[in-house]
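The values are calculated or read from the model by the stated rules, or taken from the named source; none is laboratory data. Owing to the predicted nature of the structure, the values given are computational and were not obtained by experimental measurement. Quick reminder, even Gly has a Cβ in these numbers, built from the backbone with ideal geometry, and neighbours come from all protein chains shown. Side chains are part of the model used for accessible areas, which takes the heavy atoms of the whole protein and leaves out ligands, DNA and RNA. Shrake-Rupley method; radii C 1.70, N 1.55, O 1.52, S 1.80 Å.
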Amino acid sequence: MKKMMLAIFISTYIFIVPVTGLACTAFMLDNSSQPVYGKNTDAVQTSCFVIVNKQGVAKTSRSVVQEPDAEHINWTSKFGSVTFNFVARELPSDGINEAGLFISSLGNMWTSS
């Protein structure tokens, strides 16, 4: 009997309680060997920095949450790039380098609702 009541409660909860969320979508199409990229983020609108990064610059890895004992990686950028940054210069959410490597983050970690 308890299992039956629990099943009814869960079913009712699923169908009655509205579920809202922030969703993201990204796609890439091959248009005659010319890639076309599109993205949307259903999040709170906020400012963004467009950063032009030079080649040959020393870099150190960072994360949004800094842990005291975290190991960092060091490298020198081989290619220049353009990135879109919501938080800080070294925390891009999207970008492309001179060689054509493209990154995109679909997470909602940069904005709050």
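Worth a mention:
- Where a residue in the stretch 1-26 is at pLDDT 65 or above and its partner, wherever it lies, is charged (D, E, K, R), with Cβ under 8 Å and at least six apart: L22/D42; A23/D42; C24/K39; C24/D42; T25/K39; A26/K39
- Those residues of the stretch 38-57 which are part of a strand (DSSP E or B), open to solvent by less than 80 Å² (accessible area, probe 1.4 Å) and modelled with pLDDT of 80 or more, in sequence order: G38, K39, I51, N53
- Options F102, F79, F84; residue that is in contact (Cβ under 8 Å) with a residue 60 or more places away in the chain, on the phi < 0 side of the Ramachandran plot and open to solvent by 50 Å² or more (accessible area, probe 1.4 Å): F102
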